[in-house]
Amino acid sequence: MSKLACVWVIGEEVAAINELTAGAKTLGDETAVLFAGDREQIAQILGADKVYYLGALTDKILENYIPAIINLVAEKKPNLLLIRNTKRGRLIAGALAANCGTNVLTDITEIVAVGNGVETQRMVYGGAAFRKEKSTNRINIACVGAGLFQAGDRQAIPSIIDVDDVTPDVSIKCLEKKAKSGEKVNLAAAKRVVGVGRGLKAAEDLKMIEALAAELKAELACSRPIAEEEKWMAKERYIGVSGVMLKPEVYIALGISGQVQHTVGINQAKTILAIDKDKNAPIFKQADYGIVGDMYKVVPALIDKFRK
């Protein structure tokens, strides 16, 4: 398997960094992390050969370190930069690409090293199709969603290199930080997931789904309408094209029709069980096991069975 000489990861959240670093190790001979945040958190970074410490985020945001990152990239010339596929990640990737004269690879579902470049598979037409692309740029930048890689274990203590700060022409000062109102959940790492969709009639009916998830010791997830339209669940629990990509051992789909925008997020699940009252629902083509029935009758029966 071909490998690049050097792959870097850029970030500020350790959990996301560790996942990307695991991917970086499969793609490159040498891996490094460009980290901004509390210096003490460096001890939690797994698998990297080096950590370039950009500085704290006490009164700054990650974007303020873009000039320092640009200088470091120009000096060290990594082959590939991996960044989390978030609004901030895409903003930073775009700024780096403009300064490095390269492109940004987004919405990728697969990435491999080929020669001195990379070959990716990405979703197009809203997830209805996949397109393979090969980039032979000297430096490539990829925005990677949660779940594409799995965080590994610590193998060695990385060397820490302090990066000289570069004052940006325009900086943003952080005045206040507030915890996100959304729930903290890592669906990408979950072994069992129960997902619910349009078949759910009311928000209060989530208690029934939560009870099933509790019996299975599973994480709770949903399709896009439940999170973005009804707002019955946090966006962190949304699976699909713009949400999380799952790799669980078991995924149970409840009242989810199985449109491609959702199924692209579950196609790496080892076992899929679908429950829907429409026997022609597309989800059954994706499922290993299917139950045609009303989830309001099937789910309570399953809960009773598991409790016995």
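The values are calculated or read from the model by the stated rules, or taken from the named source; none is laboratory data. Not measured: the values here are computed from a predicted model. Every residue, glycine as well, gets a Cβ built from its backbone with ideal geometry; the counts of neighbours run over all protein chains shown.
Which of the residues belonging to segment 206-223 are without any contact (Cβ under 8 Å) to a residue 40 or more places away in the chain, touching a strand residue (DSSP E or B) at 6+ places or on another chain (Cβ under 7 Å) and part of a helix (DSSP H, G or I)?
Answer for segment 206-223, where residues must be without any contact (Cβ under 8 Å) to a residue 40 or more places away in the chain, touching a strand residue (DSSP E or B) at 6+ places or on another chain (Cβ under 7 Å) and part of a helix (DSSP H, G or I): 210, 213.
Rundown of residues vs (1) in contact (Cβ under 8 Å) with a residue 40 or more places away in the chain; (2) closer than 20 Å to residue 206 by Cβ, yes/no style:
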residue	(1), (2)
264	yes, no
267	no, no
270	no, no
277	yes, yes
282	no, no
292	no, no
297	no, yes
302	yes, yes
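Of the numbered conditions (1) assigned to a strand (DSSP E or B); (2) in contact with a Cys (Cβ under 7 Å, 6 or more places away or on another chain), residue 82 satisfies every one except a single condition; which is it?
Unmet condition: (2).
I'd like the residue in segment 226-255 that is out of contact with any helix residue (DSSP H, G or I) (no Cβ under 6 Å at 6 or more places or on another chain), among the charged types (D, E, K, R) and in contact (Cβ under 8 Å) with a residue 24 or more places away in the chain and, out of all such residues, is farthest from residue 186 (Cα to Cα).
Selected residue: 230.
Helices (runs of 4 or more DSSP H) wholly in segment 224-308 with at least 3 residues that are crowded, with 17+ Cβ neighbours inside 10 Å and within 26 Å of the chain's Cα centre (by Cα) - which ones?
On the way: elements: 260-263, 283-286, 295-307.
Hits in segment 224-308: 260-263, 283-286.
Give the residue that is surrounded by the fewest Cβ atoms within 10 Å (Cβ to Cβ), with candidates limited to residues of segment 87-98 that are within 14 Å of the chain's Cα centre (by Cα) and in contact (Cβ under 8 Å) with a residue 40 or more places away in the chain. Show your work before the answer.
Within segment 87-98, the first condition is being within 14 Å of the chain's Cα centre (by Cα), and the residues that meet it are 87-90.
Then keep just the ones that are in contact (Cβ under 8 Å) with a residue 40 or more places away in the chain; that gives 89-90.
On the way: 89: 23, 90: 15.
This residue is 90.
Please verify whether residue 236 is assigned by TED's automatic domain parsing to the domain that holds residue 280, at pLDDT 90 or above and not hydrophobic (A, V, I, L, M, F, W, C), treating the condition exactly as stated.
Working: assigned by TED's automatic domain parsing to the domain that holds residue 280: yes; at pLDDT 90 or above: no; not hydrophobic (A, V, I, L, M, F, W, C): yes.
No, not satisfied.
I'm trying to understand the selection: among the residues of segment 141-157, which are on the phi < 0 side of the Ramachandran plot and either touching a strand residue (DSSP E or B) at 6+ places or on another chain (Cβ under 7 Å) or buried (at least 17 other Cβ atoms within 10 Å of the Cβ) (or both)?
Of all residues in segment 141-157, those on the phi < 0 side of the Ramachandran plot come to 141-146, 148-157.
Selection gives 141, 142, 143, 144, 145, 146, 148, 149, 151.
For segment 182-205, what are the residues that are over 16 Å from residue 227 (Cβ atoms) and assigned to a strand (DSSP E or B)?
Within segment 182-205, just 192 meets the criteria.
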